[in-house]
Amino acid sequence: MKTLIITICFLCYASLGISQNLSDAKDTVKVILENDDMIVTEYISTPGKDVCGSGEHTHKPHLSILLTDVSVLLTADDGTEQEIDLKEGATFWSEAETHTVINTGDQPTRVYLVESK
């Protein structure tokens, strides 16, 4: 647990110094940290594309750290749709879920997902 807290603090601090110029961004998924306790994945999504996985997908319980403003359409596994707008720096916990998330904004999004193993 101590490792998880230290890692989250480091990621939040590191995200403050990251340039948010994503004008040449490409859709990418990159593991930026993985150990016996957790995996931290960076997702970059351009407008109209998947934000945190491809199509309908499932996540374990996880922490999301938004490194840019985001506008998304979230479709739950039961078909319920929700439009969500959040600001850069928003951080939130989500329980395990299956969904589809599409970037509906006009800018790329950048998100870290922190999942325990």
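The values are calculated or read from the model by the stated rules, or taken from the named source; none is laboratory data. Keep in mind the model is a prediction, meaning the values are calculated, not measured. Cβ atoms come from the backbone with ideal geometry, glycine included; neighbour counts cover every protein chain shown.
Residue count for the stretch 66-84, restricted to those that are closer than 19 Å to residue 46 by Cβ and surrounded by 11 or more Cβ atoms within 10 Å (Cβ to Cβ): 11. Of all residues in the stretch 61-94, those satisfying the criterion of being more than 13 Å from the chain's Cα centre (by Cα) and either farther than 16 Å from residue 106 by Cα or of a type outside the set (A, V, I, L, M, F, W, C) (or both) are 75, 76, 77, 78, 79, 80, 81, 82, 83, 85. Number of residues in the stretch 55-81 that are touching a residue at least 40 places away in the same chain (Cβ under 8 Å) and among the small types (Gly, Ala, Ser): the value is 2. Among the residues of the stretch 29-54, those identified as out of contact with any strand residue (DSSP E or B) (no Cβ under 6 Å at 6 or more places or on another chain) and either free of Cβ contacts under 8 Å to residues at least 40 places away in the same chain or of a type outside the set (D, E, K, R) (or both) are 34, 35, 46, 48, 53, 54. Answer with yes or no whether residue 19 is modelled with pLDDT under 95, among the small types (Gly, Ala, Ser) and in contact with a Leu (Cβ under 8 Å, 6 or more places away or on another chain). Here the answer is no, as residue 19 does not meet what is asked.
Scanning the stretch 48-60 for residues that are surrounded by 13 or more Cβ atoms within 10 Å (Cβ to Cβ) and either touching a His at 6+ places or on another chain (Cβ under 9 Å) or within 16 Å of residue 104 (Cα to Cα) (or both) turns up 49, 50, 51, 52, 53, 56, 57, 59.
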